[in-house]
1. Going through the range 181-217 one residue at a time, which ones are farther than 19 Å from Ala80 by Cα, in contact (Cβ under 8 Å) with a residue 24 or more places away in the chain and among the hydroxyl-bearing types (Ser, Thr, Tyr)?
2. Scan the range 181-208 for residues that are surrounded by fewer than 21 Cβ atoms within 10 Å (Cβ to Cβ) and among the charged types (D, E, K, R) and jot them down.
3. Residues Ala207, Ala202: which one is at pLDDT below 95 and within 27 Å of Asp71 (Cβ to Cβ)?
4. Looking at the range 43-93, which of the residues that are basic (Lys, Arg) and within 15 Å of the chain's Cα centre (by Cα) is most open to solvent (accessible area, probe 1.4 Å)?
5. Within the range 1-34, which residues are open to solvent by less than 70 Å² (accessible area, probe 1.4 Å), out of contact with any Gly (no Cβ under 7 Å at 6 or more places or on another chain) and under 15 Å from Ala64 (Cα atoms)?
6. Considering only the range 119-161, state which residues are loosely packed, with under 14 Cβ neighbours inside 10 Å and within 22 Å of Ile7 (Cα to Cα).
Amino acid sequence: MTRRIGIVGVPPLAVIEEINRQGDHIVDLDEPQVRAPIDQTASRIPRVYCAILRTVVLNCLHLALDRVYIDVGPGKCDCALHVAEILADMLPIPVIRTRNQDTRPFGNPLCTSRMPLMEKFSRITQGVQSAAAYPPLEPCPPSCGFWGVPPRDFSLLAPFPDTTHVFGWTRCMENKTPSDFALEQVVDPTIPTVFFSQSFCAKSALAKHLAAKHPRALAIDCDVSVSSSTRAKIEAFLELSGIDPQRGNG
């Protein structure tokens, strides 16, 4: 019988390999899996936690799962450790805390490829569910950059051209080394870059710090969904940077 295994963050490769070997189905609890108001989590987790962790709790309130693996190490955040305790009290299934400190690099073919940014992020997040190496992709010259974590609302990514290169924790995610802080800080100072963080996320400090040092940067954050003003800021920044979203020219 196929089991449904929930994951939060990027569990160690050994965990993913075992889940794949068992033929179990992985459910990414960081992503919206149910249609339900996120405020249903208010009695379980403070509203000032980021929308990703609130989404984790919302999913667990509604999904039938057999087990949950949650990364509570430097590859996720301290708040995930608190959420792990909440889930352990809330769920009648094992909630297994992991600390992913893997160092074997898998590379970043998706982050540097020519591809719609929404598709790129979708493939990167799906890649966490497999221990297999990525197929090679031809890198493209970048027209702009996106630094940060995968947003809860992928519509944030729609204005970006196909030639956007991805940096930050998302690049660590594709590389399967989520605690690689040096890789997370890599940026390209020659291209205009949007530095993104979820509202109330500790990574917003790093986003603002790196953006302040970057010569062509925009730092933004958003909570549950993307507001029209946030999207307008991104579109204006790209336009002022001379980028055509259709052709990716910088």
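1. Once the filter is applied, which keeps residues that are farther than 19 Å from Ala80 by Cα, in contact (Cβ under 8 Å) with a residue 24 or more places away in the chain and among the hydroxyl-bearing types (Ser, Thr, Tyr), the range 181-217 yields only Thr193.
2. Passing the criteria: Asp188, Lys203, Lys208.
3. Working: Ala207 fails: at pLDDT below 95.
Going through Ala207, Ala202 in turn, just one is at pLDDT below 95 and within 27 Å of Asp71 (Cβ to Cβ): Ala202.
4. Here the residue is Lys76.
5. Ile5, Gly6, Ile7, Asp24, Ile26, Asp28, Pro32, Val34
6. The answer is Gln126, Ala132, Ala133.
Residue by residue, here is whether (1) under 18 Å from Ile70 (Cα atoms); (2) at pLDDT 95 or above; (3) touching a helix residue (DSSP H, G or I) at 6+ places or on another chain (Cβ under 9 Å) holds:
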site: Thr125; (1), (2), (3): yes, yes, yes
site: Tyr134; (1), (2), (3): no, no, yes
site: Pro139; (1), (2), (3): no, yes, no
site: Gly145; (1), (2), (3): no, yes, no
site: Gly148; (1), (2), (3): no, yes, yes
site: Leu157; (1), (2), (3): no, yes, yes
site: Phe167; (1), (2), (3): no, yes, yes
site: Cys172; (1), (2), (3): yes, yes, yes
site: Asn175; (1), (2), (3): no, yes, yes
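The values are calculated or read from the model by the stated rules, or taken from the named source; none is laboratory data. What you see is a predicted model, and the numbers here were worked out from it, not measured in a lab. Using ideal geometry, Cβ is built from the backbone for each residue, glycine included, and neighbour counts are taken over all protein chains shown. What goes into the accessible areas is simple: the full protein's heavy atoms, side chains included, and nothing from ligands, DNA or RNA. Shrake-Rupley method; radii C 1.70, N 1.55, O 1.52, S 1.80 Å.
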